[in-house]
Amino acid sequence: MKELIKKLKPDCLEDLIALVALFRPGPLQSGMVDDFINRKHGRAELSYPHVDYQYEGLKPVLAPTYGIILYQEQVMQIAQVMAGYTLGGADMLRRAMGKKKPEEMAKQRGGFIDGCKSNNIEPDLAGNIFDLVEKFAGYGFNKSHSAAYGLVSYQTAWLKTHYPAPFMAAVLSADMHNTDKVVTLIEEVRTMKLRLDAPDVNTSEFKFTVSDDGRILYGLGAIKGVGEGPVEAITDARQKGPFKDLFDFCARVDLKRINKRTLDGLIRSGALDRLGPYFELEPKAYQASIDRNRSVLLAALEEAIQAAEQTARSHDSGHSDLFGGLFVEADADVYANHRKTRELSLKDRLRGEKETLGLYLTGHPIDEYEGEIRRFARQRIIDLKPARDTQTVAGLIIALRVMKNKKGDKMGFITLDDRSARIEASLFAEAFHSAQSLLQTDAMVVVEGEVSNDDFSGGLRLRAKRVMSIEDARTNLAESLRVTVHADALKGDRLRWLGDLCKRHRGACPITVDYTGQDARALLQLGEAWRIDPADSLIQALRDQFGRENVFLQYR
């Protein structure tokens, strides 16, 4: 459609109406589309309806389509103008041409020529025009439908161009309960470079809305498990002012209308981020503290609910805490008991967003591997060029199709996304069989294959020869896992814990320890008994114990 628009260059509503009728298999395959475009731009002679047999009386009927019979209504008008048909008779002719019954068409042809004689039109001219009308009637589209679609297309294009944020907010709201559509629309929002804020219990409504400064605010109703009842409870409570923290939120909303599962979903979606102890307004600072912030909110949730329920029970019974408020300072840290909670991993945070929103809002699964995968997949998808040499890319599987070839063997097509771009990779029978266990939506994979031009999409395609998981790529390409530790970090049971962890992840990858004691420092290569499989679970456990910056893989 975009290519057709570029060629046609519509400059009036009639062109848009015609565009809808032209973009169908019949006109596209018959050559009618090219003829229409050439006539519009003066590259072909205008005729009504044909250069060899014209009738000037048809000019008012065919002028909007440059002399081409495009609509069913034009078939009826030609019958009326040339042969004196009534509206009912013209409609009967239109129906007959659609059914293409020879005996009926012979009868209609005779009636058409006879009618033309009454208007002093030569039988030969009448017959030729009838034959042309009959041919084009097979491609004719209902103009009333085209006009409706064309007008709506123009209105939506105008709104999208001049009011992009309100338009996209309205479209998102219309499809907010269809997660697949929301995901596609949010991709469009990002392509349009519009700012989309995470849901926020202090500012979001049930539907998607737009702030005064043009930001699209995520609708609370688009969070899975959050219906109109919970959202109404939130908006009712915040009429008395914005929520200050999680405890204030739980105390003020009606917990009979919002259960713990809904509250958990609100936290994981980011809707309570601003109520956490580590929230930052500045985008980079917010991104840096988001995992710590949500982990504390999740840890404090049970306490916040219990405190709110206790307050509600006291209020309902007509009693209040004898010392209520006496020993609680105004600026007391309500999160004091939870600040040492283990920080969420990037994977946990994104999984929470995927489960509650249907998409990754604050990051991409590839972020966790960004520095690492450039060691074995040096190119991003956007940087790929057609070549016969094998190229390696890494990305997230966002779509998967499985089908069978003529021999009955399974083959697959996966769409890879590495945040820079997307590419479809085809896996023929042998490659598909080898990689079948890895091919799942939302799986991170490394793909080796040949890149070529895709004539159908106009982009690139990848013919996969080999698919590996991130763990497989590490095992094949990593030189060692390096851990930096201080002597104090290995006191007590920690050395035994480290040994048990390595036993549970036994593999072929060596471990190198950068060890610092009180009086010395050494780089130690652990023996074969300590060799491991560098799985995500092992690396995350080591980072939790010794610090993220102290555990990394070294590549050849």
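The values are calculated or read from the model by the stated rules, or taken from the named source; none is laboratory data. The shown structure was predicted, so the numbers you read here are calculated from the model rather than taken from an experiment. Cβ: placed from backbone, ideal geometry, glycine included. Neighbour counts: every protein chain shown.
Things to note:
- Any hit, region 74-92, residues being farther than 22 Å from Ser144 by Cβ and at pLDDT below 85: no
- Count of residues meeting criterion [of a type in the set (Gly, Ala, Ser), exposed (fewer than 13 other Cβ atoms within 10 Å of the Cβ) and in contact with a helix residue (DSSP H, G or I) (Cβ under 7 Å, 6 or more places away or on another chain)] in region 99-133: 0
For (1) in contact with a helix residue (DSSP H, G or I) (Cβ under 7 Å, 6 or more places away or on another chain); (2) touching a residue at least 40 places away in the same chain (Cβ under 8 Å); (3) not hydroxyl-bearing (Ser, Thr, Tyr); (4) not in a loop (DSSP other than H, G, I, E, B), each residue gets a yes or a no:
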residue: Gly214; (1), (2), (3), (4): yes, yes, yes, no
residue: Gly229; (1), (2), (3), (4): no, no, yes, yes
residue: Ile258; (1), (2), (3), (4): yes, no, yes, no
residue: Gly265; (1), (2), (3), (4): yes, yes, yes, yes
residue: Arg268; (1), (2), (3), (4): yes, yes, yes, yes
residue: Asp291; (1), (2), (3), (4): yes, yes, yes, yes
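- Scanning region 154-170 for residues that are closer than 13 Å to Met192 by Cα and of a type in the set (Phe, Trp, Tyr), we see that the one that is farthest from the chain's Cα centre (by Cα) is Tyr163.
- Residue in region 274-291 that is over 20 Å from Ser345 (Cβ atoms), within 30 Å of the chain's Cα centre (by Cα) and hydroxyl-bearing (Ser, Thr, Tyr) present: no
- Number of residues in region 157-169 that are among the small types (Gly, Ala, Ser) and closer than 9 Å to Val210 by Cβ: the value is 2.
- The residue that is farthest from the chain's Cα centre (by Cα), counting only those in region 143-153 that are surrounded by 13 or more Cβ atoms within 10 Å (Cβ to Cβ) and not hydroxyl-bearing (Ser, Thr, Tyr), is Lys143.
- For region 64-88, filtering for residues that are in contact with a helix residue (DSSP H, G or I) (Cβ under 8 Å, 6 or more places away or on another chain), farther than 17 Å from Gly140 by Cβ and part of a helix (DSSP H, G or I) leaves 1.
- Scanning region 449-501 for residues that are in contact with a strand residue (DSSP E or B) (Cβ under 9 Å, 6 or more places away or on another chain), at pLDDT 90 or above and not in a strand (DSSP E or B) yields a single hit, Leu501.
- Within region 463-492, residues that are touching a residue at least 60 places away in the same chain (Cβ under 8 Å) sit with their Cβ atoms under 8 Å from residues that are β-branched (Val, Ile, Thr) and buried (at least 21 other Cβ atoms within 10 Å of the Cβ), at 6+ positions apart or across chains, in these pairs: Ile470/Ile373; Ile470/Val445; Ile470/Val446; Ala473/Ile373; Ala473/Val446; Leu481/Ile532; Leu481/Ile539.
- Selection status of Arg422, farther than 21 Å from Asp389 by Cβ and crowded, with 22+ Cβ neighbours inside 10 Å: no
- Condition broken by Lys406, with the remaining ones in (1) touching a strand residue (DSSP E or B) at 6+ places or on another chain (Cβ under 8 Å); (2) surrounded by fewer than 16 Cβ atoms within 10 Å (Cβ to Cβ) satisfied: (1)
- Those residues of region 109-150 which are among the aromatic types (Phe, Trp, Tyr), in a helix (DSSP H, G or I) and farther than 15 Å from Val81 by Cβ, in sequence order: Phe136, Tyr149
- For region 174-184, filtering for residues that are surrounded by 19 or more Cβ atoms within 10 Å (Cβ to Cβ) and assigned to a helix (DSSP H, G or I) leaves 1.
- For region 521-537, the set of residues classified as in a helix (DSSP H, G or I) and free of Cβ contacts under 8 Å to residues at least 40 places away in the same chain consists of Glu528, Ala529, Trp530, Ser537, listed by residue number.
- Residue match in region 436-448 (condition: surrounded by 14 or more Cβ atoms within 10 Å (Cβ to Cβ), in contact with a helix residue (DSSP H, G or I) (Cβ under 7 Å, 6 or more places away or on another chain), of a type in the set (A, V, I, L, M, F, W, C) and outside the structural domain of Gln379 (by TED's automatic domain parsing)): no
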